[in-house]
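Working notes, structure below.
The values are calculated or read from the model by the stated rules, or taken from the named source; none is laboratory data. Given the structure is predicted, the values throughout are model-derived calculations rather than measurements. Here the Cβ is made from the backbone with ideal geometry for all residues, glycine too, and neighbour counts use every protein chain on show. These accessible areas exclude ligands, DNA and RNA; they are computed on the full protein's heavy atoms, side chains included. Shrake-Rupley method; radii C 1.70, N 1.55, O 1.52, S 1.80 Å.
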Amino acid sequence: MYTFTDEAKKAAVTPTKLQLEELLVLVNSNRKSDIELITRGYEFSKKAHAGQKRYSGKPYFHHPFETAKYLAALQMPASMIVAGMLHDTVEDADVEPQTIADIFGEDIAEMVEGVTKLGTVRYHGMQRHTESLRKLFAATSRDIRVMVVKLMDRLHNARTLQFVPAHKRGRIALETLEIYAPIADRLGMGVIKRELEDAVFPHAFPKEYKKSTKIFKDVGGEDIKRLDRIQNNVRKKLAEYGIKKFRTESRIKGLYSFYRKLERKDSDVTKIFDIWALRIIVPTVTDCYTVLGIVHGEWRPFPGRMKDYIAFPKPNGYKGIHTTIHINDGSVIEIQIRTEEMHREAQFGVASHFVYKDSKSSTKIDNNAALNWIRQFIPVRLWVEGQDKSPSKKAVHTYTDAATPAWLKSMADAQKIDGENPRSFLQNIKNDFFSHRVFVFTPRGDVIDLPIDSSPIDFAYAIHSEIGNKMSGAKVNGKMAALSSSLKNGDIVEIATSEKSHPNQKWIGLTKTTLAKRHIRAYLQRVKEMST
Ligand code: MN
């Protein structure tokens, strides 16, 4: 898959010739209308960004072009590839959203708008806001496609971080680790999560990166020989037992994920068993258990390390069987058993359901499959790591509430699915899960979360009491707004202040937050005391 090849990593930094053909070979469609649409998107973006440069000094178009390639490699439909190509034209090339709508249609224009809006959200390293921010990103992205485009945009930016000025680099790296990678993980896009993490790891934690790289190399060299041997042995055994259809592959743990685990294991590398794992991929679920039986029959499993994520999928939908076995030389290795379908989903998660059902005959995105994919793991069946007895009903309930992200749950609760109309599916997954809070931005992109129906006055006091007390007016999304207006998710709010302005009694009725009401009352009280 292009996104995680060395070729992609090289092209991320050193542009190829940026020719349309490089993109088209990755596109999973040979329909004329798709090729034509992608061609127009390519020409449009190239023209829009003409003359612009990246921090790297390379043509700006290099960035949307790679983003589009990632989307094509993920086998996303033409509309998403084009949205990826155009994603920076509004923000950075002054293209009017209406122009995009006129040329490429509302659907693509809305995706571009969604990605543009996400770009205004900034992470300022406030730990306590991290979870809200993740939710906010999901909420602002409105439909999952926007999030997928944004993740590919970020992946390319993450891979070119060395060109970004040093003072910005750390924030982008942390934001990637704290916000984007977890979202990729929750959407089941394991490969993308790992690529994002490993791209920014050296920038986020340079010392730890160096240390981990060294340890990783020291233990890795030994493992690679061992892995080859065990791979051959496993293949031989499976064949002996008459298993004909299977393939094996080895996977190396991502460096960042290795570092995190090393931290959890008090830097004791001998406690990490899954630096290298052997995957066995078979056609059916039954085959998975058969293979597990063969493996456990031949090699002694490490107690307590067998995890059946087929019977009990992870909260993000991950399925497969993991077991750690003793090898004859005294070492241990993790074996992962899964079907092809599980394998695909483990890598690309929700994105694997935007893939065309049949690239030759169907023009529809398989939206039902995407929604069903989300549904299948909500509510989550109980699986608490290390717990072996069967759960009580109450425990199931508790776990479900605690571990399923609310936004994921609400997507699954989306009303009816209209199989004929992909747009209605997207409407349905538009997030209404913030039924109690709205998330609005300062002009700098800081996030303020407020109760629903909050007004600009609430916003002003949430920033600082002095700003509230001197507030003279407000702009919402660049336009003057009444102090009584209700703020909506994603609004950008700017407060004007003046020395002459001050709160009045009426403001109490225009506010939702107790914080604002308290400050207004206190101010009015002070004025009253001064005048008597
Ligand atoms: Mn971009």
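Here are a few things to note about the model shown:
- Projecting the Cα atoms of LEU174, ILE38, GLN52 onto the dipole axis of region 6-200, where Lys and Arg carry +1 and Asp and Glu carry -1 at the beta carbon, places LEU174 farthest toward the positive end.
- Each residue was assigned an accessible area with a 1.4 Å probe, and for TYR318 the value is about 30 Å².
- THR442 paired with ASP92, simple spin-label distance in nm, labels 7 Å along Cα-to-beta-carbon: 2.6 nm
- Taking amide H atoms as placed 1.01 Å from N in the peptide plane, the amide H of SER250 lies under 5 Å from those of ARG279, each 5 or more residues away in sequence or on another chain.
- Region 6-200 pair-distance distribution - Cα-Cα, 5 Å bins, rounded %: 1, 8, 17, 21, 22, 16, 10, 3, 1, 0
- Average Cα contact separation per residue, region 435-531, under 8 Å, 6 or more apart, as relative contact order %: 30 percent
- Length gained when the stretch GLN52-LYS528 is fully extended (0.36 nm per residue, less Cα-Cα span): 165.5 nm
- List LYS479, LYS271, ordered by accessible area with a 1.4 Å probe, largest first: LYS479, LYS271
- The amide H of VAL438, built 1.01 Å from its N in the peptide plane, has LEU450, ILE452 as neighbours under 5 Å, considering only residues 5 or more places off or on other chains.
- Amide H within-cut-off set for ILE492, under 5 Å, with H built and near neighbours excluded: PHE441, ASN477
- Top positive-direction residue, dipole computed over region 192-254 with Cβ charges, set THR213, ILE224, VAL234: VAL234
- Of LYS9/LYS319; LYS53/LYS479; LYS9/LYS53; LYS9/LYS271, those spanning more than 25 Å from alpha-carbon to alpha-carbon: LYS9/LYS319; LYS53/LYS479; LYS9/LYS271
- Gain in span if fully extended, LYS475 to MET306, counting 0.36 nm per residue against the direct Cα distance: 55.1 nm
- Estimated vicinal HN-Hα couplings, Hz - region 61-69 in sequence order (Karplus 6.51, -1.76, 1.60; Gly, Pro = x): 4, 3, 5, x, 5, 5, 4, 5, 5
- In order along region 75-88, phi translates into HN-Hα couplings of 6, 6, x, 3, 4, 6, 5, 5, 4, x, 5, 9, 4, 10 Hz, rounded to whole numbers, per the Karplus curve 6.51 cos²θ - 1.76 cosθ + 1.60 with θ = phi - 60° and x for Gly and Pro.
- In the distance distribution for region 435-531, Cα-Cα pairs more than 23 Å apart total 18 percent.
- Paramagnetic reach from ARG264 (point 7 Å along Cα→Cβ, amide N under 19 Å) across region 286-326: 302-310, 312-325
- Under Karplus coefficients 6.51, -1.76 and 1.60, residue-wise ³J(HN,Hα) of region 254-265 in Hz, glycine/proline x: x, 5, 5, 5, 4, 4, 4, 5, 4, 4, 5, 9
- GLU22-ILE103 FRET efficiency (beta carbon distance; Förster radius 22 Å; 0.05 resolution): 0.45
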